[in-house]
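The values are calculated or read from the model by the stated rules, or taken from the named source; none is laboratory data. These numbers come from a predicted model, not from an experiment. Here the Cβ positions follow ideal geometry from the backbone for every residue, glycine too, while neighbour counts run over all protein chains shown. Each accessible area value is taken on the protein alone, full model and side chains, heavy atoms only, with ligands, DNA and RNA left out. Shrake-Rupley method; radii C 1.70, N 1.55, O 1.52, S 1.80 Å.
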2 protein chains.
Amino acid sequence: MQTERQKEIIEVALELISEKGIQGLTIKNLSKRIGITEPAIYRHYDSKTDILIAILDHFNNNTEHIFKREMQNVDKSLDKIAHLFTKHFAHFSAKPSLLAVIFSEEIFRNDPVLIDKISKVIDKNHQILAEIVSVGQKNGEIRLDIEADHLSTIITGTLRLFVKRWQFSGHTYNLPEEGKKLIESIKHLIIK
Amino acid sequence: MQTERQKEIIEVALELISEKGIQGLTIKNLSKRIGITEPAIYRHYDSKTDILIAILDHFNNNTEHIFKREMQNVDKSLDKIAHLFTKHFAHFSAKPSLLAVIFSEEIFRNDPVLIDKISKVIDKNHQILAEIVSVGQKNGEIRLDIEADHLSTIITGTLRLFVKRWQFSGHTYNLPEEGKKLIESIKHLIIK
DNA sequence: ACAAAGTTAGTGAACATTAACTAACATGCA
DNA sequence: TGCATGTTAGTTAATGTTCACTAACTTTGT
């Protein structure tokens, strides 16, 4: 389990990355914002890499939660996908700091441990979505002329670019609202 | 115009970013690989930021070329889009070093000049593609029930994620070949 | 002979991390 | 109860490394 201080460190680390990119995440900045000295950070995490790992785990648990719950709750595949989008938009809108981390895999390129971890996350999410699509195809909800794997790439790719553009705009428009329209377009696109 | 040495510096800089991410691009690494000393770099570029700007310009010129030529050559919109994909795949396959830069906008977060530059590039490309789609809709080639802007996001997002996944896999499969299949899927998706 | 392109040697700043120490609090035992 | 011991979470000071960049000098090609 995480202590209060550990949670605080992760939260502030996300803030810093969100504000200034990965280069803004230094032990100095981290400690300054929390209000303790640099070495004190090492009472809670052994190294900076451990902090980054904790961030990845944090994100991983979060989406895994969303994905898995969505798999069970609704029964129509199209609704599942729509819900997935909506949940993500709401999530990002409430906590934009996560965004800067999630869509910046290059950030973790230094460490082989980190790159392996994030690779697996991406792969897993892709496979879960492909599975949902595949079920939808068997149910007769989703078109069959395009393989589930491609549809999953199309859906995820669209989501990612859309959110990224929102991030780049400085969050100037309403993500969940505009996202709703995009979800409708995607539904039309993949429906049988 | 660029001197031979300047071209070499940009090329090697791309290599380094490709291999180790932005943190791999240091004046030391750069000079070592070229085979000169660090201060010699400053005979050719005034600062590291100037090198990053040159990289962005390099990329900008490249895609602008591809996009603009494609706008004129073929007359069917669907073929234009297919060609655009194919060209990009071939381009990235031949020069994977570009990839690490193009899809890593966070890299440039330090400098406001750089972030403004890359924002404009992304926006411009999106608009060009949206325009192609829009023409295709008027011609009766592309479905009308989804707005051109959304279709452009869907197409670009798919392309980006697909290429990114290839990059993440360590270029283990054939990008142009697998890409061809994805292009077919997208064609089916947006055709009227 | 002169300018371009290189060198050596160094700068100060930032980086993650460690060492040594301390105050406050908790635990165990006579 | 009260002292001894240990733990937690912080401090100051310093380590070695890497960073981008500079001043001053040398080589090289026209």
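Points worth noting:
- Candidates B:Ile132, B:Ile17, B:Ile34, ranked by Gaussian network fluctuation over chain B, Cα under 10 Å, top entry: B:Ile34
- Interface size, chains B and A: roughly 3400 Å² of accessible area buried, both sides included, 1.4 Å probe, rounded to the nearest 100.
- Using a probe of 1.4 angstrom and keeping all protein chains present, the accessible surface of the protein assembly as shown works out to 48 square angstrom per residue.
- Of all chain B residues, the closest to the B-onto-A rotation axis by Cβ, with that distance in whole Å, is B:Gly157, 2.
- When only Cα pairs below 8 angstrom with a gap of at least 6 residues are kept, the range A:1-153 shows a relative contact order of 23 percent.
- Percent of alpha-carbon pairs separated by more than 15 Å within the range A:78-157: 64 percent
- Student exercise, the range A:2-122 dipole from Lys, Arg, Asp, Glu Cβ charges, in Debye to nearest 20: 160 debye
- Top of B:Ser31, B:Ser77, B:Ser93 by mean-square fluctuation, Gaussian network on chain B, Cα under 10 Å: B:Ser31
- Counting from the shortest, the label point at B:Gly35, 7 Å from Cα toward Cβ, is 5.8 nm from the same position in each remaining copy.
- Per residue, the convex hull volume that the Cα atoms of the protein assembly as shown enclose (Å³): 150 Å³
- Separation of the B:Arg5 and B:Asp123 label points, Cα + 7 Å toward Cβ, nm: 3.7 nm
- Tail weight of P(r) past 16 Å, computed on alpha-carbon pairs of the range B:9-73, percent: 50 percent
- Working note: Debye formula, equal point scatterers on the alpha-carbon atoms of the range A:1-45, no solvent; log10 I(q)/I(0) at q = 0.17, 0.18 Å⁻¹ is -0.41, -0.46.
- Around the Cα centre of the range B:49-190, unit charges on the Cβ atoms of Lys, Arg, Asp and Glu (plus for the first two, minus for the last two) sum to a dipole of about 340 debye.
- Membrane-span-like helices in chain A (whole DSSP H runs, Cα extent of at least 20 Å along the helix axis, mean Kyte-Doolittle hydropathy of at least -1.0): A:4-20, A:48-73, A:77-94, A:112-138, A:148-168, A:175-190.
- For the protein assembly as shown, adding -39500 (n - 2.57) for each run of n ≥ 4 DSSP H residues and dividing by the number of residues yields -25000 deg cm²/dmol at 222 nm.
- Counting from the shortest, the label point at B:Asn61, 7 Å from Cα toward Cβ, is 5.0 nm from the same position in each remaining copy.
- The GNM of chain A, with springs linking C-alpha atoms under 10 angstrom apart, assigns the highest mean-square fluctuation among A:Asp116, A:Asp57, A:Asp145 to A:Asp145.
- Spacing of the modelled spin labels on B:His65 and B:Ser169, each 7 Å from Cα toward Cβ, amounts to 2.8 nm.
- Using a cut-off of 20 Å between Cα atoms, the listed pairs A:Lys180/B:Lys80; A:Lys164/B:Lys164; A:Lys95/A:Lys120; A:Lys124/A:Lys181 include A:Lys180/B:Lys80; A:Lys95/A:Lys120; A:Lys124/A:Lys181 as exceeding that distance.
- Overall, the protein assembly as shown carries a charge dipole of about 40 debye about its Cα centre when +1 sits on the Cβ of Lys and Arg and -1 on the Cβ of Asp and Glu, all other atoms neutral.
- Here the contact order of the range B:1-45, divided by its residue count and restricted to Cα pairs under 8 Å and six or more residues apart, works out to 34 percent.
- Among the chymotrypsin sites (Phe, Trp or Tyr not before Pro) found in the range A:29-67, those both in a DSSP coil and sparsely packed, with 16 or fewer other Cβ atoms within 10 Å of their Cβ, are A:Tyr42.
- Square roots of five times the Cα gyration tensor eigenvalues for chain B, Å: 35, 17, 14
- Residue ranking by accessible heavy-atom surface, 1.4 Å probe, largest first, among A:Val74, B:Val135 comes out as B:Val135, A:Val74.
- Average Cα contact separation per residue, the range A:134-192, under 8 Å, 6 or more apart, as relative contact order %: 51 percent
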